[in-house]
Amino acid sequence: MSTTKVAAILATVVLILLMCFQVLLALGLPFGKAAWGGEHRILPANLRWSSLAAVFILALASWMVLARAGLVPPGADLLAIKIMTWAFAGYFTLNVVMNLLSKSPLEKLVMTPVAVITSLCFVWVARS
């Protein structure tokens, strides 16, 4: 298996874990100190909706990275897939910066490495 496919699969596994985390946040579980700036133990309604929206964005990102690696349709060569993979690479790189700037020590400790892994995987796959 190529390193590009491994990177896409690793990114997808991380994104699935993040989707599960966001669903738990949306359901009101007390994990808010690790997300959204860490200001709330249990997220208020507006951030719960944001967590739910994040699930769909992360799912789209998963599909894009897998498609760019040629693992799911429509395949790696479609221009829209190439552009979206780079867009998500930028999004996750920005996510690294935002997590580093967080006031929440837990968010910095846990989510920054997650964002770094995701960002590196997306850049690797986008470059392919």
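The values are calculated or read from the model by the stated rules, or taken from the named source; none is laboratory data. No experiment lies behind these values; they were computed from the predicted model shown. Backbone-built Cβ (ideal geometry, glycine too); neighbour counts: all protein chains shown. Keep in mind that these areas ignore ligands, DNA and RNA; they rest on the heavy atoms of the full protein, side chains included. Shrake-Rupley method; radii C 1.70, N 1.55, O 1.52, S 1.80 Å.
One residue stands out among those in the stretch 82-94 that are free of Cβ contacts under 8 Å to residues at least 40 places away in the same chain and surrounded by 18 or more Cβ atoms within 10 Å (Cβ to Cβ): the one that is farthest from Val116 (Cα to Cα), which is Met84. Here Ala53 passes the criteria (1) open to solvent by less than 40 Å² (accessible area, probe 1.4 Å); (2) without any contact (Cβ under 8 Å) to a residue 40 or more places away in the chain; (3) under 16 Å from the mean Cα position of the chain (by Cα) except the one numbered (1). If you go through the stretch 98-115 and keep only what is over 10 Å from the mean Cα position of the chain (by Cα), free of Cβ contacts under 8 Å to residues at least 60 places away in the same chain and open to solvent by less than 70 Å² (accessible area, probe 1.4 Å), you end up with Asn99, Thr112, Pro113. Candidates in the stretch 24-33 are the residues that are of a type in the set (A, V, I, L, M, F, W, C) and part of a loop (DSSP other than H, G, I, E, B); of these, the one that is nearest to the chain's Cα centre (by Cα) is Phe31. Give the residue, chosen from Leu47, Leu79, Leu25, that is farther than 18 Å from Ser119 by Cα, out of contact with any Leu (no Cβ under 9 Å at 6 or more places or on another chain) and free of Cβ contacts under 8 Å to residues at least 40 places away in the same chain. Among Leu47, Leu79, Leu25, only Leu79 is farther than 18 Å from Ser119 by Cα, out of contact with any Leu (no Cβ under 9 Å at 6 or more places or on another chain) and free of Cβ contacts under 8 Å to residues at least 40 places away in the same chain.
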